[in-house]
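Have a look at the structure below, then the notes.
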Amino acid sequence: QKEVEQDPGPLSVPEGAIVSLNCTYSNSAFQYFMWYRQYSRKGPELLMYTYSSGNKEDGRFTAQVDKSSKYISLFIRDSQPSDSATYLCAMSSNSGGSNYKLTFGKGTLLTVNP
Amino acid sequence: NAGVMQNPRHLVRRRGQEARLRCSPMKGHSHVYWYRQLPEEGLKFMVYLQKENIIDESGMPKERFSAEFPKEGPSILRIQQVVRGDSAAYFCASSPIGQGVTGELFFGEGSRLTVL
């Protein structure tokens, strides 16, 4: 079993839709959870960062972490064509101070159609 | 542009040649990380460096790969005697504080290596 599983999609939605992106993981030591957005041929851009369980909201984006289920989600409200990108989940533990060693999902390709 | 700067953005090498990838961290950041993204794979950690020190190279292939972050100048990822399997996007990231804080990394736009 891979440490982090993410459905690669592709996911295609109409403009204005609510988008739900998810990852599951197997390593219970993970404490830091991130979502990155990566446009084609560009570097990952940090969107959301969450420590441990709970929800975090930033504008149209909401990140949720359920450590008991080892499941994280990113919700995008009122999706826009400019949200079209690959979304990567990433996570790390603080084992030995190695929180910099992110484990990434393979990414979900999202297209928002005008 | 105060972001993480990587160059070259694209590099083509023939098998057996050397590839050198450079990374300048964000202003105020002194910690550099290299990640590799193989086709159809997620990003994988390679190495973590601070100025003049390799902190963690547990993700680096045992042979042909090396990294440095000198006191002056950019961090360099060096791949000797490249093979086709080295074709990938190599991303550099930086952070202002290293171990034990947040794990938030800021990535550059990547260097895409193609080995012919």
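Computed from the coordinates by the stated procedures, all read-outs in this text should not be read as laboratory data. Since this is a predicted model, take the numbers as computed values, not measurements. Here Cβ is always computed from backbone atoms with ideal geometry, including for glycine, and neighbour counts include all displayed protein chains.
Can you give me the orientation-averaged projected area of the convex hull built on the Cα atoms of chain A, in nm²? Mind dumping the intermediate values first?
On the way: hull surface 27.5 nm².
Across all orientations, chain A yields a mean hull projection of 6.9 nm².
Tell me, how many Å apart are the Cα centres for the stretch B:75-89 and for the stretch A:1-53?
What the calculation gives is 27 Å, centre to centre.
So which trypsin sites (Lys or Arg not before Pro) in the stretch B:4-64 pass both tests, a DSSP loop state and at most 15 other Cβ atoms within 10 Å of the Cβ? Spell out each step's value before the answer.
Details: sites: B:ARG9, B:ARG13, B:ARG14, B:ARG15, B:ARG20, B:ARG22, B:LYS27, B:ARG36, B:LYS44, B:LYS51, B:LYS62, B:ARG64; in loops: B:ARG9, B:ARG14, B:ARG15, B:LYS27, B:LYS51, B:LYS62, B:ARG64.
Loop-located and lightly packed - B:ARG9, B:ARG14, B:ARG15, B:LYS27, B:LYS51, B:LYS62, B:ARG64.
Quick check: pseudo-label points 7 Å beyond the Cα along Cα→Cβ at A:GLN80 and A:ASP58, how many nm apart are they?
The two pseudo-label positions are separated by 1.5 nm.
With each label point set 7 Å from Cα along the Cα-Cβ vector, what nm distance links B:ARG78 and A:ASN27?
The answer from the label model is 2.9 nm.
Which loop-located trypsin sites (Lys or Arg not before Pro) does the stretch A:1-46 contain, where loop means any DSSP state but H, G, I, E or B and the Cβ has at most 12 other Cβ atoms within 10 Å? Walk me through the intermediate numbers first.
Numbers: sites: A:LYS2, A:ARG37, A:ARG41, A:LYS42; in loops: A:LYS2, A:ARG41, A:LYS42.
Those satisfying the criteria are A:LYS2, A:ARG41.
How big is the gap, in Å, between the Cα center of the stretch A:55-86 and the Cα center of the stretch B:13-50?
Centre-to-centre distance over Cα atoms comes out at 28 Å.
Using DSSP to call loops (not H, G, I, E or B), can you name the GluC sites (Glu not before Pro) in the stretch A:1-39 whose Cβ has at most 15 other Cβ atoms within 10 angstrom?
Values: sites: A:GLU3, A:GLU5, A:GLU15; in loops: A:GLU3, A:GLU15.
Listed in order of number, the matching sites are A:GLU3, A:GLU15.
Compare A:TYR87, A:TYR100, A:TYR36 in a GNM of chain A, Cα atoms joined below 10 Å, and give the one with the largest fluctuation.
A:TYR100
Taking 0.36 nm per residue of sequence separation and subtracting the Cα-Cα distance, how much length would be gained by fully extending the chain between B:GLU40 and B:ARG9, in nm to one decimal?
Details: separation 31, 0.36 × 31 = 11.16 nm, distance 1.95 nm.
Working it through step by step, the gained length comes to 9.2 nm.
Return the subset of A:LYS2/B:LYS27; A:LYS2/A:LYS56; A:LYS56/A:LYS101 for which the Cα-Cα distance in this structure is over 29 Å, preserving the input order. Could you put the intermediate results ahead of the total?
Working: A:LYS2/B:LYS27 35 Å; A:LYS2/A:LYS56 26 Å; A:LYS56/A:LYS101 22 Å.
Listed pairs above 29 Å: A:LYS2/B:LYS27.
Below 8 Å, C-alpha to C-alpha, sequence gap of six or more: please give me the relative contact order for chain A in percent.
On the way: 284 pairs, mean separation 41.7, N = 114.
Taking the mean separation of contacting Cα pairs over the length of chain A, I get 37 percent.
Between B:GLU52 and B:LYS27, what is 0.36 nm times their sequence separation minus the Cα-Cα distance? Round to one decimal in nm.
Details: separation 25, 0.36 × 25 = 9.00 nm, distance 1.74 nm.
Length gained between B:GLU52 and B:LYS27: 7.3 nm.
How many partner chain Cβ atoms sit within 10 Å of a residue's Cβ in peptide B:43-55, on average, as a whole number?
Working: counts 12, 4, 7, 0, 0, 3, 0, 0, 0, 0, 0, 0, 3.
So the per-residue partner count for this stretch is 2.
In the structure displayed, which of A:LYS70/B:LYS62; A:LYS42/A:LYS67; A:LYS42/B:LYS62; A:LYS67/A:LYS106 lie more than 25 Å apart, Cα to Cα?
Working: A:LYS70/B:LYS62 32 Å; A:LYS42/A:LYS67 30 Å; A:LYS42/B:LYS62 28 Å; A:LYS67/A:LYS106 20 Å.
In this structure, A:LYS70/B:LYS62; A:LYS42/A:LYS67; A:LYS42/B:LYS62 exceed 25 Å between Cα atoms.
So for the stretch B:1-89, what percent of the C-alpha to C-alpha distances run longer than 18 Å? Write down the numbers at each step before the final one.
Values: 1720 of 3916 pairs.
The calculated P(r) of the stretch B:1-89 puts 44 percent of pairs beyond 18 Å.
How long is the gain from A:SER73 to A:LEU11 if the chain were fully straight, where each residue apart is worth 0.36 nm and the alpha carbon distance is subtracted? Don't skip to the end; give the middle numbers.
On the way: separation 62, 0.36 × 62 = 22.32 nm, distance 1.48 nm.
Stretched fully, the A:SER73-A:LEU11 segment lengthens by 20.8 nm.
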